[in-house]
């Protein structure tokens, strides 16, 4: 749990550094602090997963929490390394960025390790409020303001649903503690209060909003497009992973025995999410919007693991979210570079990139192949686990639908590859800073490593 | 020594080749391909032609999902391993007169594809098979799309979508089979010993058949093929037609029929009829082709249709008619078709680089100015039209024999491939090589250097295998018999 303490103190430290104009120290201090938090998280890992609830059963830092904390911290580090000079360019209050991102990360740690529904709510709120600010951090930019306002209004609305749902669950079961709720469900299999069912439905609505699942996805494209690209990267990877971890933790622990009740609803949401995300992504001209819509469809695949809830779900979500996060970071990193040079985020901006920047084109290709789920990349392993999980519960029709979606997604992911390699354009070489090469290269390496030998992350949970 | 060295060497080679530029990359790639061939030769010399799987590697891979890295060579795999390791150096050698830009990447992709192909042909684990299947697809997509002709982008995305779509359904089928095994394994023999009912086998049939039918390709899933072949660089076309399409045929033999014989019983006739339609259709279109490369593409479609037809002559009126001859014919014909079609595409590559056109109607008389080339071309054409004492004859004879035992009428229609094939092949030969020379062809220089070597080896293989195919047939005989018996025994108790 020291991870949470480090992540709560670190942003305050960073704010003070900003106050004393120690700009050059911001990034190193943040990264070192994150590495410390990561190390502490990993140190808490136990082979038999025998962590006990702490803080009066408010949280439990089990292997599940450790795995998701680690991947969110690692993704954050990668994103922050890309941020060098980026934040300076778009704002004068650089310390704010780091501090707010770290605050949201503290909320995320709570979200993945809660053992009590109040902590779930608090974690989500800490994360969300930070994200509302981040979305609107370019104060003079209309798109950014619009994004923040939209996000805030919709987010506040959905939080209401979530809170109402939690209250109803409390009303029916008499506790916020997820262990007691689970025992209550197991003890009263035949006489579940309608209040409880309503509570589950409201929680599904609230959480589906947070993960950006259709039909609660309307905020995603505008917010993702309006926010600064790096913040979009953070929202669509780290925040999304955390939201799914929270989702699965609750449903896996408490509501699994009632899956007959909520599964059909979630099933429909999953199918709608997959199709809406994919088909809309197909029609985008902007790479950034394409990523936004494709992130909706990835939410659909991740929901699959929750629909097919079982022993393997945690692993599926973890592997898929890891693969998706790492690949998305590459995509957003490359987008920032190309956008800087050409001033646009359309697919055309990538034309002929492979000739001038072979390395950048290569890592972006790896990222696109991984997002499309092509074997020998992490994305395939993620899809494989999700499909296996779903088939083990005999959701064959669903898997066929998901496969059709995977085929559709080829079209838009390959558009980038085609633009980079097969289309010519008079373009200058994109200047790639050294640390970009490092981060993107590392991310591509991780993607391929997981794709070839996934054993080292599939045995964590 | 296990088969893993055969699978990983091309990957290492690909990484090494990436470091080299231009001419050096060719030599390094050829060097590794020849080493790979030598390795395969070593395996061949140690191979005992019985029913066992040899040189097996079996290592834990993703234990959480019950996946093992299991691969090995039996009599059936051996033929395909020979085919792959033999053709890749020839294909690399055939590119010696070309100067591809980014040569390092080009040859690296070819070698990487070889690794994928060999994985497919030796995998004894469903997951590994799928990985190899896709690992062969990615490189060929980039080879075709980076070094191909004008229309390459559109044509290749179609090709990619077709094959990827097919294979995803196969993946679903593989995972489904995995879920049915008691031990939750992906092991091929675990799949073989499953007791699925007819309905489940029907679904499995479709899941696998789509993937294999796209790859072969079987009518009406063939529409990607002629365009892709035409637009691809010569080496890419050779990799696809010579080796890659055999993945589909091999898949039917190794996975589809033994795992889902009842599915094949139910839908095999449909597959057979589609194959025969494909034969006739492709032959008729081949007649009309003016473009030499397209002509070869369609002829390849027709020849592969015959192989597919023989594989699906499975059950008739409830009795088992799958014969050793048909299956043996399919295996040897895979090898022969690979050799011949690579030869034909190379011939057309030579013609089109010299004349800058592939239009048959503009040519004529090349035999007068290039006698060596004329002889080589003729031998390859004769091999393709299955003249006795060439390699094509033994394969097509066995295949037709298999189909004949199934149904004489289907055999008669399928046999048209040989007649049609002879007509359009010889006609194109006549159009290109014979008659008087014209302005275009009078400057045609005869083959030399690497071209002589490649065509010489191909012609030698055509004749040697044609005269004495026994050693190759012997390699797979025991494995084929074993396979047929096990499939037979799987059908009988369920009846």
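Any read-out appearing in this document is the output of simple, stated calculations on the displayed coordinates, not a laboratory observation. Note that the coordinates shown come from a computational prediction; the quantities given were computed from them, not determined experimentally. In this analysis, Cβ positions are derived from the backbone assuming ideal geometry, glycine residues included, and neighbour counts consider all displayed protein chains.
With every atom except the alpha carbons ignored, what do you get for Rg and Dmax of segment B:286-495, in angstroms?
19.4, 70
Along the principal axes of its C-alpha atoms, what lengths does segment A:120-247 span, in descending order and rounded to whole Å?
Its Cα atoms span 55, 21, 20 Å along the three principal axes.
Could you sort the peptides A:237-244, A:30-37 by per-residue average Cβ neighbour count (10 Å cutoff), highest mean leading?
Values: A:237-244: 26.8, A:30-37: 18.9.
Ranking the peptides A:237-244, A:30-37 by packing returns A:237-244, A:30-37.
Give me log10 I(q)/I(0) at q = 0.06, 0.07, 0.11 Å⁻¹ for the protein assembly as shown, Debye formula, one equal scatterer per alpha-carbon, no solvent.
-0.47, -0.62, -1.27
Let me check the size of segment B:386-473 from its C-alpha atoms; what are the radius of gyration and Dmax in Å?
Both quantities, over Cα of segment B:386-473: 17.4, 52 Å.
Taking each pair of different alpha-carbon atoms in chain B once, compute 1/r for the pair, average those values, and report the inverse of that mean as the Kirkwood hydrodynamic radius in Å to one decimal. Please list the in-between numbers first.
Numbers: mean 1/r = 0.0444 Å⁻¹.
Kirkwood hydrodynamic radius for chain B: 22.5 Å.
Hey, what did segment A:309-369 get for relative contact order, percent, Cα under 8 Å, at least 6 apart?
Details: 25 pairs, mean separation 21.2, N = 61.
After rounding, I find 35 percent.
Can you give the average number of partner chain beta-carbon atoms within 10 Å of each beta-carbon in peptide B:165-177, as a whole number? Could the numbers behind the result be given before it?
Details: counts 6, 1, 1, 11, 5, 0, 10, 9, 1, 3, 9, 7, 0.
Mean partner shielding for this stretch: 5.
Percentage of Cα-Cα pair distances in segment A:6-128 greater than 16 Å, rounded to whole percent?
Working: 4642 of 7503 pairs.
So the portion of pairs separated by more than 16 Å is 62 percent.
Please report the relative contact order for segment A:2-458, taking Cα pairs under 8 Å with a sequence separation of at least 6, and give it as a percent rounded to a whole number. Kindly include the intermediate steps, with their values, before the conclusion.
On the way: 735 pairs, mean separation 61.0, N = 457.
It rounds to 13 percent for segment A:2-458.
Volume per residue, Å³, of the convex hull around the alpha-carbon atoms of chain A?
Working: hull volume 58.2 nm³, N = 461.
Cα convex hull per residue, to the nearest whole number: 126 Å³.
Once you average over the residues of A:350-358, how many Cβ atoms of partner chains fall within 10 Å of each Cβ?
Working: counts 0, 0, 0, 0, 2, 2, 0, 0, 2.
Averaged over the peptide's residues, the number is 1.
Suppose we take every Cα in segment A:207-354 and form the convex hull; what volume per residue is that in Å³? Each step should come with its number before you reach the end.
Working: hull volume 14.0 nm³, N = 148.
Expressed per residue, the convex hull around the Cα atoms of segment A:207-354 is 95 Å³.
What is the packing order of peptides A:245-258, A:172-185, taking the mean over residues of other C-beta atoms within 10 Å and listing the highest first?
Values: A:245-258: 21.4, A:172-185: 18.9.
Descending packing order for the listed peptides: A:245-258, A:172-185.
How big is the Rg/Rh ratio for segment B:233-368, C-alpha atoms only, Rh by Kirkwood, two decimals?
On the way: Rg = 17.4 Å, Rh = 16.3 Å.
Computed over Cα atoms, the ratio is 1.07.
Above 19 angstrom, tally the Cα pairs of segment A:381-435 and express them as a % of all pairs, no decimals.
Numbers: 810 of 1485 pairs.
Here the long-distance tail beyond 19 Å is 55 percent of all Cα pairs in segment A:381-435.
Viscosity 1.306 mPa s, temperature 10 °C: give me the Stokes-Einstein translational D for segment B:290-413 in µm²/s, with Rh taken as the Kirkwood radius over C-alpha pairs.
D, rounded to a whole number, is 101 µm²/s.
Cα extents of segment B:1-60 along the three principal axes, largest first, in whole Å?
In descending order, the Cα extents are 45, 28, 13 Å.
In degrees between 0 and 90, to the nearest 10, how far off the longest principal axis of chain B does helix B:126-147 point, with axes built from Cα atoms?
Around 20 degrees separate the two axes.
Using only alpha carbons, build the gyration tensor for segment B:52-183 and give me the equivalent ellipsoid semi-axes, biggest first, whole Å. It would help to have the intermediate numbers written out before the result.
Working: eigenvalues 184, 79, 26 Å².
They are 30, 20, 11 Å, listed largest first.
Output the 0 to 90 degree angle, nearest 10, between the alpha-carbon long axis of helix A:194-211 and the longest principal axis computed from the alpha carbons of chain A.
10 degrees
Could you give the angle, 0 to 90 degrees to the nearest 10, between helix B:292-311's Cα long axis and the longest principal axis of the Cα atoms of chain B?
20 degrees
Can you pull the semi-axes for segment B:147-229, root of five times each eigenvalue of the Cα gyration tensor, sorted largest first, whole Å? Before the final figure, lay out each step's value.
Working: eigenvalues 214, 32, 15 Å².
They are 33, 13, 9 Å, listed largest first.
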